[in-house]
Each structure stands twice: as C-alpha cells, then as structure tokens.
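Participant: My questions will all concern the structure given below.
The values are calculated or read from the model by the stated rules, or taken from the named source; none is laboratory data. All figures in this text were calculated on a predicted structure; none of them were measured in a lab. Here Cβ is always computed from backbone atoms with ideal geometry, including for glycine, and neighbour counts include all displayed protein chains.
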Amino acid sequence: MNKFVIVLSILVSSCLPHYVERVDMKNRPSLFDGQIKGHYSVLAWCVVDKLQTTNTMDSYSRYNVRLYPDIEKSEVYAYSTPTSYVLLLELKQIDKSIVHAILKGGNFYHPPIALEVLQSCSP
C-alpha cells in the first residue's frame with residue numbers, strides 16, 4: 001500500500017505543474033482572436049512546421065498538436081520545458097473554409113512571429 005501511495009504522489013506531483021501551466025496559458029489575454037481562412041488541422045501543422053524552421057525560435061522549443069476531429073478543433077502548444085508553455089494556438093472550424101483562431105503567448109515568446117506564421121499559413 002505504501003508503494004502505491006508513493007508512486008501516486010510522484011505522478012500527481014509531476015503532472016500538476018503541467019496542468020497548472022496549461023490553465024494559466026488559457027487564461028492569458030489573446031494576442032489574436034479572429035477569423036482566418038483555412039482548415040483547422042492543416043493550419044495547426046503548418047504553424048508548427050514553420051515555427052520549427054524559424055531562426056528566432058528557441059532551439060529547445062517543443063510542440064504538441066492536439067486534434068479533435070469530432071468538434072473540428074485543434075490546439076497547438078509550444079513549450080520550452082515540459083511544464084513551461086510559451087504559446088497556445090486554438091483553431092476551431094466555423095464553416096467549410098473559415099477557422100476561428102485564438103493565439104496566446106507567454107513571456108518568452110515573440111508574439112508577432114507566431115501571428116505572422118499563422119497568417120502566412122492561411123490560403
């Protein structure tokens with residue numbers, strides 16, 4: 001029983017900062033909140049591909065793309081460490097060719113670059 005409690009406490013303590021950081025990022029003010037042409041999943045992968053090749057991005061940045069096909073939504077998280085998010089991009093399909101995009105950035109990210117990349121991915 002004691003081993004179970006120890007393992008459970010380690011898991012909870014390692015996951016909690018990650019969850020708190022995600023909630024904090026969702027509560028930050030939006031850098032962009034509007035409509036853009038495209039498809040939610042294509043835009044998400046395009047943004048990640050372009051950010052990975054942008055020289056101004058920290059080479060240690062990692063990306064997590066979450067696709068929710070049942071509700072036509074995607075989320076892109078960029079982070080510098082497993083618990084330190086620097087970018088959140090939410091994309092929700094609102095009709096056949098229009099996506100509602102919300103872009104939020106952290107303290108260590110260059111928001112104009114992310115917005116330029118998002119706009120360059122739009123057809």
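Participant: Taking the residues in the stretch 1-56 that are small (Gly, Ala, Ser) and under 17 Å from the mean Cα position of the chain (by Cα) as candidates, determine which candidate is modelled with the lowest pLDDT.
Facilitator: Out of the qualifying residues, it is Ser30.
Participant: Identify, please: which residue in the stretch 65-87 is buried (at least 22 other Cβ atoms within 10 Å of the Cβ) and at pLDDT 90 or above and is, among those, nearest to Thr53 (Cα to Cα)?
Facilitator: Among those that are buried (at least 22 other Cβ atoms within 10 Å of the Cβ) and at pLDDT 90 or above, it is Val76.
Participant: If you don't mind, another one. Does the stretch 99-121 hold any residues that are exposed (fewer than 14 other Cβ atoms within 10 Å of the Cβ) and at pLDDT 90 or above, and which are they?
Facilitator: Correct list: Gln119, Ser120.
Participant: Looking only at the stretch 31-45, which residues are crowded, with 17+ Cβ neighbours inside 10 Å, small (Gly, Ala, Ser) and either out of contact with any Ser or Thr (no Cβ under 7 Å at 6 or more places or on another chain) or not in a loop (DSSP other than H, G, I, E, B) (or both)?
Facilitator: Selection gives Ser41, Ala44.
Participant: Here is a list of conditions, (1) within 19 Å of Asn27 (Cα to Cα); (2) surrounded by fewer than 22 Cβ atoms within 10 Å (Cβ to Cβ); (3) modelled with pLDDT under 85; (4) not β-branched (Val, Ile, Thr), and Glu90 meets all of them except one; can you say which number that is?
Facilitator: Here Glu90 clears every test but (3).
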